[in-house]
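Asks: A single structure is presented below for examination.
The values are calculated or read from the model by the stated rules, or taken from the named source; none is laboratory data. Note that this is a predicted model, so its numbers are computed, not measured. Neighbour counts run over all protein chains shown; Cβ positions are idealised from the backbone, glycine included.
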C-alpha cells in the first residue's frame, strides 16, 4: 500500500486514493459510465477508479479511462477533488482530471462499467448520476449552474 492508502482521515478512516476522468466531446457532451459495482452501483458517473500502488494519478486516470471506455487520451489538468464514503468504511479521495480524447474514437463499456454514453447538459440533468457529481462539476465551473 502507498502512504496515501495507509493515511488516516480526519475521523480516523483509511483514505484510498482514486481518480476520475472528466471528458467532453466537441459538442460539449460529458462522457459517463454506468457503474457496475458499489458505490453508486447502477448510476452514471465519471470513468475512474483506484490508484494502483506506486502509480502516478495522471497515469491512473488514463488507465481507468481505457479500462472502462476503451478511449485513450491525454491529461489536460487537475480540476478538483471529492471525498466519498467507501462500502468498507474507508474514504475514497478522488482526484478528478480533465482529459482530452481522440474525437473519432467511440467509447465501449469495459471493466466494471455496465454502459458508457455521452450526455448533453439536458440529458445530464435528467440522468441518475452518482451523489454529488453534478454539484462538483458546477463547483469546478465545468458545467453551468
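Asks: Kindly indicate whether residue 62 is buried (at least 16 other Cβ atoms within 10 Å of the Cβ), touching a strand residue (DSSP E or B) at 6+ places or on another chain (Cβ under 7 Å) and part of a helix (DSSP H, G or I). Walk me through how you get there before you give the answer.
Replies: Details: buried (at least 16 other Cβ atoms within 10 Å of the Cβ): yes; touching a strand residue (DSSP E or B) at 6+ places or on another chain (Cβ under 7 Å): yes; part of a helix (DSSP H, G or I): yes.
Yes, satisfied.
Asks: If you don't mind, there's one more thing I want to ask. Residue under question is residue 142, and the condition is that it be closer than 13 Å to residue 28 by Cβ and in contact (Cβ under 8 Å) with a residue 40 or more places away in the chain; does it hold?
Replies: Working: closer than 13 Å to residue 28 by Cβ: yes; in contact (Cβ under 8 Å) with a residue 40 or more places away in the chain: yes.
In short, yes.
Asks: Which residue is nearest to residue 85 (Cα to Cα), if the candidates are limited to region 110-129 and must be in a loop (DSSP other than H, G, I, E, B) and at pLDDT below 95?
Replies: 112
Asks: Quick one: count up the residues across region 35-54 that are within 14 Å of residue 99 (Cβ to Cβ) and out of contact with any helix residue (DSSP H, G or I) (no Cβ under 8 Å at 6 or more places or on another chain).
Replies: Of the residues in that region, 0 qualify.
Asks: Before we move on, is residue 80 in contact with a strand residue (DSSP E or B) (Cβ under 9 Å, 6 or more places away or on another chain), in contact (Cβ under 8 Å) with a residue 60 or more places away in the chain, under 11 Å from residue 20 (Cα atoms) and surrounded by 13 or more Cβ atoms within 10 Å (Cβ to Cβ)?
Replies: Values: in contact with a strand residue (DSSP E or B) (Cβ under 9 Å, 6 or more places away or on another chain): yes; in contact (Cβ under 8 Å) with a residue 60 or more places away in the chain: yes; under 11 Å from residue 20 (Cα atoms): yes; surrounded by 13 or more Cβ atoms within 10 Å (Cβ to Cβ): yes.
Yes: the conditions hold for residue 80.
Asks: Right, next: Suppose the filter is farther than 21 Å from residue 17 by Cα, in contact with a strand residue (DSSP E or B) (Cβ under 7 Å, 6 or more places away or on another chain) and surrounded by 15 or more Cβ atoms within 10 Å (Cβ to Cβ); does residue 124 pass it? Please lay out each step first, then the result.
Replies: On the way: farther than 21 Å from residue 17 by Cα: yes; in contact with a strand residue (DSSP E or B) (Cβ under 7 Å, 6 or more places away or on another chain): yes; surrounded by 15 or more Cβ atoms within 10 Å (Cβ to Cβ): yes.
Yes; evaluated as a whole, the condition is true for this residue.
Asks: If only one of 51, 23 is closer than 19 Å to residue 88 by Cβ, at pLDDT 95 or above and within 15 Å of the chain's Cα centre (by Cα), which one is it?
Replies: 51
Asks: While we're on this one: Does region 109-137 hold any residues that are within 20 Å of residue 92 (Cβ to Cβ) and free of Cβ contacts under 8 Å to residues at least 24 places away in the same chain, and which are they?
Replies: Selection gives 134, 135.
Asks: How many residues does region 66-109 hold that are part of a strand (DSSP E or B) and in contact with a helix residue (DSSP H, G or I) (Cβ under 7 Å, 6 or more places away or on another chain)?
Replies: Adding up the residues that qualify gives 7.
Asks: If you scan region 45-59, which residues turn out to be part of a loop (DSSP other than H, G, I, E, B) and surrounded by 16 or more Cβ atoms within 10 Å (Cβ to Cβ)? Even if it seems obvious, please write down each step before you answer.
Replies: Initially, region 45-59 is screened for residues part of a loop (DSSP other than H, G, I, E, B), giving 46-47, 51-56.
Those that are part of a loop (DSSP other than H, G, I, E, B) and surrounded by 16 or more Cβ atoms within 10 Å (Cβ to Cβ): 46, 47, 51.
Asks: Right, next: Please go through region 8-34 and give me each residue that is out of contact with any helix residue (DSSP H, G or I) (no Cβ under 8 Å at 6 or more places or on another chain) and more than 24 Å from residue 141 (Cα to Cα), ordered by number.
Replies: 8, 9, 10, 11, 12, 13, listed by residue number.
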